[in-house]
There are 2 protein chains.
Amino acid sequence: MKQEKADRRSQRTRRLVSAAFAELVAEMPYDKILVQDILDRAGIGRTTFYAHYFDKEDVLNSIIEQELELLTRQIDRAATGQRLIPSLELFEHAYHSQNQQLRALMQSRASDFLWEALQVALCRAIESALTTHWTEKYSSPIPVPVVSEYLAGAFLTLLKWWVTADMPYPPEQMERIFQQLALPGVWALLTESEQKAGIDADVPTLLSRTHL
Amino acid sequence: MKQEKADRRSQRTRRLVSAAFAELVAEMPYDKILVQDILDRAGIGRTTFYAHYFDKEDVLNSIIEQELELLTRQIDRAATGQRLIPSLELFEHAYHSQNQQLRALMQSRASDFLWEALQVALCRAIESALTTHWTEKYSSPIPVPVVSEYLAGAFLTLLKWWVTADMPYPPEQMERIFQQLALPGVWALLTESEQKAGIDADVPTLLSRTHL
DNA sequence: TTGGTTTCGGAACACCATGTCCGTTACCGA
DNA sequence: TCGGTAACGGACATGGTGTTCCGAAACCAA
């Protein structure tokens, strides 16, 4: 079920299946999609399909895995710095994602897996960043994993809403909204002396509540 | 498929099916559960099942609907006051929920529907409270629906984590955590003069960031 | 208790989607 | 050009679904 250096025909088939699946998932709920639907839409034979995928779920997973890899790489790259979460990059990634696949997928119910996987990946990265770069500043009875969970969830909620609403605002504005809504609570957990540093230059402005 | 004043036998059947389903959903992913599994577990006949439910999904929906009604009533009741969200009551509701059904359901993957429905209900309530009681204080470029979405999402993220982790803290502590993490960003959107009023007495304390 | 009504249960059934196997055809890479 | 590999269509076994029929059992009201 893997492709090392694939025959053109194999690539073609996989491409057709992915495209067909993306279309279908945008039209109807995942669990209503039949293998036959994929076959018809992709214009391939039954045998061919099963030569490439175990089953319907395998198609979903392969697409998600592929997309998730890009995102995870982006997240981990940011985790090496002091930033807790590469929010702007993620908003922009979704925004500029040429292939409709990502949007269609995110909007459909099939993406529950994707969102959950993203939540986990984000959470890990945030926790790591928090314990690596902010340990000495962090003094709060709230456990770090809870903070991470909250931040990841708050971000993904906004991202999800934004994508579902067909991205009515530019990524930069979403980034600002996220900073204003979700981060003050986290900053408050870090000792005062360091609040001006790192993460974002908007911090002081936000906490003074004057520019709204 | 409804029961007005049901025969004892009908009640028994529905009860058995609900219980069996709750058990199964705690043991395996929803889409792996067969009707036959429910039949075996509940100890009823195939014919009987289809006399009460359209299909497997109908069982899930009926349980969710039932639970959702309780929660929605609680949410709407709080929405009449100035509070944005009855967080403490919801944490406590989950905590004291005697029947394992709620916990098992929330922890399983089948509950995606429930979470989504909760998100919508919460969002509506928050938006309503915000436009009703806070209009004159609210002056921000961030649209009210976005704020509502964020608050509902942030709360549900914490609730979800808490339930999944088998509720390691008392509801009161979760309430405090939620207030500290998620609300500062929202309060900052309301004009300064009113920040001491309503919602929660902890507000000033939080914003001064001294008690952490 | 009785008698009419409703539900239950079991077996058999048609239906449909799944996943596999075959021989043949078309395409690819070298 | 030629050997290998993938696509194809059709047929097939499998397994879960939802329905039907009918006798037995449980219910409820009188």
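Each reported figure results from applying straightforward, stated rules to the coordinates on display, with no laboratory input. Source: prediction; values computed, not measured. We place every Cβ from the backbone using ideal geometry, glycine too, and count neighbours over all the protein chains shown.
Here is the list for region B:135-184: GluC sites (Glu not before Pro) lying in DSSP coil, each with at most 10 other C-beta atoms within 10 angstrom of its C-beta, are B:Glu136.
Each copy carries a label point for B:Tyr50 at 7 Å from Cα along the beta-carbon vector; from one copy to the others these points are 2.7 nm apart, nearest first. When only Cα pairs below 8 angstrom with a gap of at least 6 residues are kept, region B:95-154 shows a relative contact order of 36 percent. Over all other residues within a Cβ to Cβ distance under 11 Å of A:Ala51, the charged ones net out to +3, with Lys and Arg as +1 and Asp and Glu as -1.
Against the 2.2 N^0.38 Å scaling, with N counting residues, where does region A:1-53 land? I'd like the Cα-based Rg ratio to two decimal places.
Rounded to two decimals, the normalised Rg is 1.13.
Over all other residues within a Cβ to Cβ distance under 11 Å of A:Ser111, the charged ones net out to -1, with Lys and Arg as +1 and Asp and Glu as -1. In terms of Cα atoms, the Rg and Dmax of region B:1-98 work out to 16.4, 51 Å.
Provide an ascending nm list, one decimal, of label-point separations from B:Gln173 to the equivalent residue in each further copy; define each label point as 7 Å from Cα along Cα→Cβ. Counterpart label points of B:Gln173 in the remaining copies fall at 4.2 nm.
Sorted shortest first, the separations between the A:Thr135 label point and its copies elsewhere in the assembly read 5.3 nm; each point sits 7 Å from Cα along the Cα-to-Cβ line. Translational diffusion coefficient of region A:45-104 (Stokes-Einstein, Kirkwood radius from Cα pairs, 37 °C, 0.692 mPa s): 242 µm²/s.
With a ≥ b ≥ c the root eigenvalues of the C-alpha gyration tensor of region A:57-201, is it rounded (a/c under 1.5), prolate (a/b larger than b/c) or oblate? Since a/c reaches 1.5 and a/b is larger than b/c, the shape of region A:57-201 is classed as prolate. Charge tally for A:Pro170 (other residues, Cβ to Cβ under 12 Å; Lys, Arg +1; Asp, Glu -1): -2.
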